[in-house]
Amino acid sequence: MTVEPAVPPEVLARIRAPFLEGAAEPVDPPVLLPLSLLLDLTGEALRARLFVVAGEGGAELALRPDFTAPIARAHVESGRAEGRYVYEGRAFRVPPPGSDRPSEFLQLGLERLGAAAGPAADAETAGLAWRAARAGGRDDLSLLVGDLSVADALLAALETPPLAAGRIRRALSDPDALGRALDHRPSPQGPAGGLAGLIAGRPEGEGAAIVEEVWALAGVQPVGGRTALEIARRLGGKAALDEPLSEPSRHILRRAFALQGAPDAVLDQLAALAREHGLALDPALDAASGRLGALAAAGVNGPIVFAPGFGRPFSYYDGMLFEVRSAALGPDRPVAAGGRYDRLPPALGGPATPAVGCMVRPARAWSER
C-alpha cells in the first residue's frame with residue numbers, strides 16, 4: 001500500500017484552520033466498514049476501488065474510502081436532529097491501473113446534517129472547501145460546480161424511463177460512461193452480457209442457480225455480501241423493466257450535458273434549450289442560479305465553471321456538488337470536493353433531513369510555489 005508524502009505541519013495547520021472556525025464535533029469513524037453498506041450506497045462500480053477484507057463470520061468489510069457515509073450513519077443511529085462534524089484521518093482506495101496515485105491518503109472535512117438547507121448552506125460549504133484548498137499555497141485553482149437537481153429536472157421533463165435515468169445519473173462522474181449510458185439500447189438478451197435476459201421470466205430458484213453456475217465457471221468464491229438469489233432478482237428485474245431512450249431525448253441530453261462555462265452563460269444556454277423543446281426547467285434553473293450566485297459571498301474568489309453534466313463517483317449526492325481543481329494536477333486529482341446529499345440519511349434508515357459536506361486533500365493542496 002502506497003502512502004502519499006506528508007504535508008509540513010505549518011501548511012497542514014493553515015489548511016485545517018477553516019474547518020475549525022465554527023462549532024463542530026470532531027469524529028473519527030471506524031476504518032473498517034461493511035462492504036454491503038458501501039455498495040448499497042454507491043453501486044457496484046466502486047467495488048474495484050475498495051480494499052476488501054474478510055471479517056468475523058465471513059462478512060466482507062472494506063477500508064473506508066471516504067468519510068461521508070460512516071459519519072451520516074453514526075448521525076442517524078444517534079437519533080440527533082442536527083449535527084456538525086469535522087474529521088481528519090486516512091482514507092483508502094485502490095488506485096486505477098497504471099496510476100501513481102497513493103492508496104492511503106489524508107482527508108480533512110466537514111459534514112452537516114439537519115439545519116443545512118438552502119443556497120446559503122451549499123455556498124458556505126463550497127466556500128469552506130475553497131478557502132482550505134487555497135491555504136495550501138496553490139494559485140491555479142478553479143471551482144467546478146454541477147447541480148444534480150438540474151440534471152434530474154431535465155430527465156423528468158423528458159419523461160426518461162426510470163432505469164435509463166438511473167443509468168445516466170450514475171454515469172455523470174465519467175464522460176466515457178455517460179456516452180455509453182446515452183447510447184445504451186436495451187436488447188432482448190438484456191444487460192450484463194445477456195445474463196439478465198437469460199434470468200428474466202424464470203423461476204427465482206432457476207435464476208439463482210444460473211448465477212451460481214457463472215460463479216463456478218469464473219472460479220468466484222463469494223464471501224458475505226449479496227446472495228445468488230438477490231442478484232438473480234435484481235438482474236431479472238432490470239431485464240424486464242429496461243426501456244429505450246428516445247432519439248430526441250438522447251440529442252437534448254447530449255447538448256445539455258456538454259455545456260460548461262461561466263455560470264450565467266450556461267444557465268442562459270440551458271434556458272434556451274428548454275424553450276426550444278418546450279421543457280419546463282425554469283424552477284430548477286432559478287434555484288440553481290440562487291445557489292451559484294451565493295458562492296462569491298461565501299468566499300469563492302476564483303474562477304467558477306458550471307457544468308450540468310458534472311457528477312461525482314459517490315452516488316448519494318443529489319443537489320449542488322463541486323470540485324476544487326488545480327490546473328497543475330488536472331481534472332482527475334481534485335484538491336477538494338463535496339456537495340449536497342439529502343437522500344443519504346433516509347437511505348440509512350433515518351428521517352429526511354438536509355445534509356451537505358466537503359473534504360480537502362492536504363497533499364494535493366500543498367504547493368511550494
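The values are calculated or read from the model by the stated rules, or taken from the named source; none is laboratory data. Just so we're clear, the structure is a prediction, and the values are computed from it rather than from any experiment. Neighbour counts are summed over all protein chains in view; Cβ atoms, including those assigned to glycine, are modelled from backbone coordinates with ideal geometry. Calculation scope for accessible area: heavy atoms of the full protein, side chains included, ligands and nucleic acids excluded. Shrake-Rupley method; radii C 1.70, N 1.55, O 1.52, S 1.80 Å.
Return the whole-Å distance between the Cα centroid of the range 320-364 and the Cα centroid of the range 249-304.
The distance from the Cα centre of the range 320-364 to that of the range 249-304 comes to 20 Å.
In square angstrom, what is the accessible area per residue of the range 277-369 with a 1.4 angstrom probe?
Values: 3400 Å² over 93 residues.
Spelled out: the 1.4 Å probe surface of the range 277-369, per residue, equals 37 Å².
Placing +1 at every Lys and Arg Cβ and -1 at every Asp and Glu Cβ, with all other atoms neutral, what dipole size does the range 299-369 have around its Cα centre, in debye to the nearest 20?
Working: 8 positive and 5 negative charges, 30 e Å.
Dipole of the range 299-369, to the nearest 20 debye: 140 debye.
Listed highest first by mean packing, meaning other Cβ atoms within 10 Å per residue, what order do 95-104, 295-304 come in? Spell out each step's value before the answer.
Working: 95-104: 11.4, 295-304: 16.4.
Answer by packing, highest mean first, reads 295-304, 95-104.
Once you keep just the Cα pairs under 8 angstrom separated by 6 or more residues, what percentage relative contact order results for the range 59-135? Please report the intermediate quantities before stating the final value.
Numbers: 68 pairs, mean separation 22.5, N = 77.
Reported as a whole number, the value is 29 percent.
May I ask you to rank H75, H251 by accessible area, largest first, using a 1.4 Å probe over the protein chains only? Mind dumping the intermediate values first?
On the way: H75 10, H251 95 Å².
So the residues, ranked largest to smallest area, are H251, H75.
What ranking of R14, R291, R84 comes out by heavy-atom accessible area, probe 1.4 Å, highest first?
Values: R14 115, R291 35, R84 70 Å².
Ranked from most to least accessible, the order is R14, R84, R291.
Quick one: check the C-alpha center-to-center distance for the range 48-73 versus the range 152-172, whole angstrom.
If we compute the Cα centre of each part, the gap is 29 Å.
Please state the charge dipole magnitude for the range 243-322, taken about the Cα centre, from unit charges on C-beta atoms (+1 on K and R, -1 on D and E), reported in debye and rounded to the nearest 20. Don't jump to the answer; show the numbers that get you there.
On the way: 6 positive and 8 negative charges, 45 e Å.
Magnitude of the dipole: close to 220 debye.
Explain nothing, just the number: relative contact order of the range 235-362, from Cα pairs under 8 Å at least 6 residues apart, as a whole percent. Let's see the in-between values first.
Working: 127 pairs, mean separation 23.1, N = 128.
With pairs under 8 Å counted, the relative contact order is 18 percent.
Applying 1/(1 + (r/R0)^6) with R0 = 30 Å to the Cβ-Cβ distance of T227 and R343, what FRET efficiency is obtained, to the nearest 0.05? Intermediate values should be presented prior to the final figure.
On the way: r = 26 Å, r/R0 = 0.86.
It comes out at approximately 0.70.
Based on the Cβ-Cβ distance from Q260 to A209, what FRET efficiency comes out when R0 is 51 Å, to the nearest 0.05?
Working: r = 48 Å, r/R0 = 0.94.
It comes out at approximately 0.60.
With every protein chain present, what accessible area does R90 have (1.4 Å probe, heavy atoms only), rounded to the nearest 10 Å²?
80 Å²
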